[in-house]
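Q: One structure is given below, represented as structure tokens, and several questions about it will come after.
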Amino acid sequence: MLCKKVELQNFRNAECEVIEFDNGINVLHGENAQGKTNLLEAIYFISLGKSFRTTHETEIIRFGEEFASISLDYESEGREQNVTMRFSDNARQKKNVTHNGVKITKLSELVGSFRAVLFSPDHLQMIKDGPALRRNYLDVAISQIRPMYLHSLQKYNKILKNRNTLLKNAEEDRATFDATIDFWSAQLAHEAALIAKARAEYVAKSGEIIADFYSRMCQSGEIDEHPEFIYAGSAKQDGELYFDVAATEKNFLRLLTDFHEREIAAGSTLYGIHRDDIIINLNGKNTRLYSSQGQQRSLALAMKLAEGEICKMDCGEYPVFLFDDVFSELDSGRRKNLLREIANRQVIITSCENDMDLAVPFKRIEVAKGKYIS
Ligand SMILES: Nc1ncnc2c1ncn2[C@@H]1O[C@H](COP(=O)(O)OP(=O)(O)OP(=O)(O)O)[C@@H](O)[C@H]1O
Ligand SMILES: [Mg+2]
């Protein structure tokens, strides 16, 4: 996967810009608040189908303008391709997306076409914070290689919303609740089982790969540490059982049937894949509670590198790596280790450092006030 050229119109602080990339390392260099992350956001938008920074898409339209667009030329399996997105400031008008000139109506038709992996300082919270970021890690990674996964996830979220509304209104309208709850519970359990299986498989597959990257990213003091990843699903069964979709569906359905009163009191669905987590241990100890900043950084990086590796195993080519502000946070040892891992891949890095020494050739793109000059 190669990101060849991006054309931006009225995207954040860029007015009308064309940016071309090399196949190896590209460094977006500039002072704070100039538009470095904005460009990564635009590129990742094409991969994810949405922004990684905001859920309000009109925010990305340049102040005072009525529309914005991103057009990305990329190469996949030797074929030149293009995705173009056009946004209007009319909140009722959906964004217009085309892939090789053909209009796309569903996000799940787009995701997986242009594959990228983003790593930013926020990803450190994947290790330390609550489960939402870890679920998001899985959702983003699996969606890129399994378009049906995203489809299931979207379906799940819709069903969940309806079921939650029913639970909230149950006290006022018990008759409607009693008549329809089983229907929503069955649908939810069905999608939950499919999603849990995909997640459990991904965690099982990525565990060893992450552990390998981790040991190579680490400094000498951390070398004897072995990370372990466990998919902790809320269907209350051992991880491997998630591979059996029928059994998981039955388990979820039982939970969604047996605890109605508790769910009504909470006003929301208490069981399902929206409550799941990945437990990350280092030498048997939960990293959430015991890991240092350096360990978190190495682990988060290893998880992101593994995301790229699994993508390669699945699709035959590496995704484009987008590293926002990552190198400035790494000590020289880890920096060297990371560079070794990403050699021969396309990487787009942002940096404020004036004399960034990567010890390898790279293309430098100067970023100032929304202009990109190479
Ligand atoms: N809709 C918009 N219209 C115009 N400018 C915008 C819009 N949204 C954000 N900006 C501007 O974009 C700039 C921020 O860009 P960005 O986040 O890419 O900075 P950066 O170069 O990554 O900086 P840092 O090094 O601090 O991370 C800010 O100056 C902000 O005002
Ligand atoms: Mg930035």
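Q: When Phe67 is evaluated against the numbered criteria (1) under 21 Å from the mean Cα position of the chain (by Cα); (2) buried (at least 16 other Cβ atoms within 10 Å of the Cβ); (3) away from ligand 1 (no atom under 11 Å from the Cβ), which criterion, by number, is the only one it fails?
A: (1)
Q: On to the next question. Of all residues being part of a loop (DSSP other than H, G, I, E, B) and surrounded by fewer than 16 Cβ atoms within 10 Å (Cβ to Cβ) in the range 238-269, which is modelled with the lowest pLDDT? Just the residue, please.
A: Asp238
Q: Pull up the range 348-374, narrow it to residues that are hydrophobic (A, V, I, L, M, F, W, C) and away from ligand 2 (no atom under 16 Å from the Cβ), then point me to the one that is farthest from Arg216 (Cα to Cα).
A: Ile373
Q: Mind telling me which of the residues Glu15, Glu80 ends up being within 13 Å of ligand 1 (Cβ to nearest atom), surrounded by fewer than 21 Cβ atoms within 10 Å (Cβ to Cβ) and of a type in the set (Asp, Glu)?
A: The match here is Glu15.
Q: The conditions are (1) within 15 Å of ligand 1 (Cβ to nearest atom); (2) surrounded by 14 or more Cβ atoms within 10 Å (Cβ to Cβ); (3) closer than 30 Å to Glu341 by Cα; (4) at pLDDT 95 or above, and Arg53 fails exactly one of them. Which is it?
A: (4)
Q: Between a first residue in the range 32-48 that is within 13 Å of Asn13 (Cβ to Cβ) and at pLDDT 95 or above and a second residue that is within 13 Å of ligand 2 (Cβ to nearest atom) and of a type in the set (Lys, Arg), which pairs have beta carbons less than 6 Å apart while being 6 or more apart in sequence or on different chains?
A: Close Cβ pairs (under 6 Å, with a partner that is within 13 Å of ligand 2 (Cβ to nearest atom) and of a type in the set (Lys, Arg)) amount to Asn38/Arg12; Glu41/Arg53.
Q: Continuing with the same structure: Does the range 19-29 contain any residue that is closer than 30 Å to Pro361 by Cβ, among the aromatic types (Phe, Trp, Tyr) and buried (at least 17 other Cβ atoms within 10 Å of the Cβ)?
A: Yes, that holds for at least one residue.
Q: Among what's in the range 308-347 and is away from ligand 2 (no atom under 16 Å from the Cβ) and of a type in the set (Asp, Glu), pick the residue that is modelled with the lowest pLDDT.
A: Per the stated criteria, the residue is Asp331.
Q: Grab the strands (runs of 3 or more DSSP E) fully contained in the range 21-97, keeping just those with 3 or more residues being within 15 Å of ligand 2 (Cβ to nearest atom) and touching a Lys or Arg at 6+ places or on another chain (Cβ under 8 Å).
A: 25-29
Q: I need the full set of residues from the range 20-36 which are within 13 Å of ligand 1 (Cβ to nearest atom) and touching a strand residue (DSSP E or B) at 6+ places or on another chain (Cβ under 6 Å), in order please.
A: Result: Val27, Leu28, His29, Gly30, Gln34, Gly35, Lys36.
The values are calculated or read from the model by the stated rules, or taken from the named source; none is laboratory data. Just so you know, these numbers come straight off a predicted model, no measurement behind them. Here the Cβ is made from the backbone with ideal geometry for all residues, glycine too, and neighbour counts use every protein chain on show.
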